[in-house]
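Student: Before we start, here is the structure in question, set down as structure tokens.
The values are calculated or read from the model by the stated rules, or taken from the named source; none is laboratory data. Given the structure is predicted, the values throughout are model-derived calculations rather than measurements. Positions of Cβ are generated from backbone atoms using ideal geometry, with glycine treated the same way; all protein chains shown enter the neighbour counts.
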Amino acid sequence: MRIENTGVSVLVVMYADCRDAKATSNIHIYCIVNADQIIEQYKDGGECVAGRRLLNLIQARDVKNQLTTVIRWYGGTNPGPSRFNHLL
């Protein structure tokens, strides 16, 4: 994954476990401090609003210089917004 407009490249190593390769979606969220700028972005991985909600969470907790990946498997039941209820 390349972080746009920064000249910073991030290597994401996934799929080491064959279960990860079969995941329904991979959501990437990052906040990188580079010189005088802060770059915050997300990739939803097909999950409507999930990336935005998780980015809001790392902003609220003031997390910097971290890439977070959430791997999700669809189990046949749509959890809807309730999948975020446990996030504080």
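Student: Show the residue pairs that are 6+ apart or on different chains and have beta-carbon atoms under 9 Å apart, the first residue being within the stretch 66-83 and under 12 Å from Arg53 (Cβ atoms), the second being acidic (Asp, Glu) and part of a loop (DSSP other than H, G, I, E, B).
Tutor: Val70/Glu47; Arg83/Glu47
Student: Considering (1) crowded, with 16+ Cβ neighbours inside 10 Å; (2) closer than 25 Å to Gly80 by Cβ; (3) modelled with pLDDT of 80 or more, say which one Gly45 fails and leave the rest.
Tutor: (3)
Student: Does Leu55 satisfy the criteria of being within 13 Å of Phe84 (Cβ to Cβ) and either modelled with pLDDT of 85 or more or surrounded by 13 or more Cβ atoms within 10 Å (Cβ to Cβ) (or both)?
Tutor: On the way: within 13 Å of Phe84 (Cβ to Cβ): yes; either modelled with pLDDT of 85 or more or surrounded by 13 or more Cβ atoms within 10 Å (Cβ to Cβ) (or both): yes.
Here the answer is yes, as Leu55 does meet what is asked.
Student: May I pose another question? Scanning the stretch 13-42 for residues that are within 14 Å of Thr69 (Cβ to Cβ) and aliphatic (A, V, I, L, M), which turns out modelled with the highest pLDDT?
Tutor: Ile29
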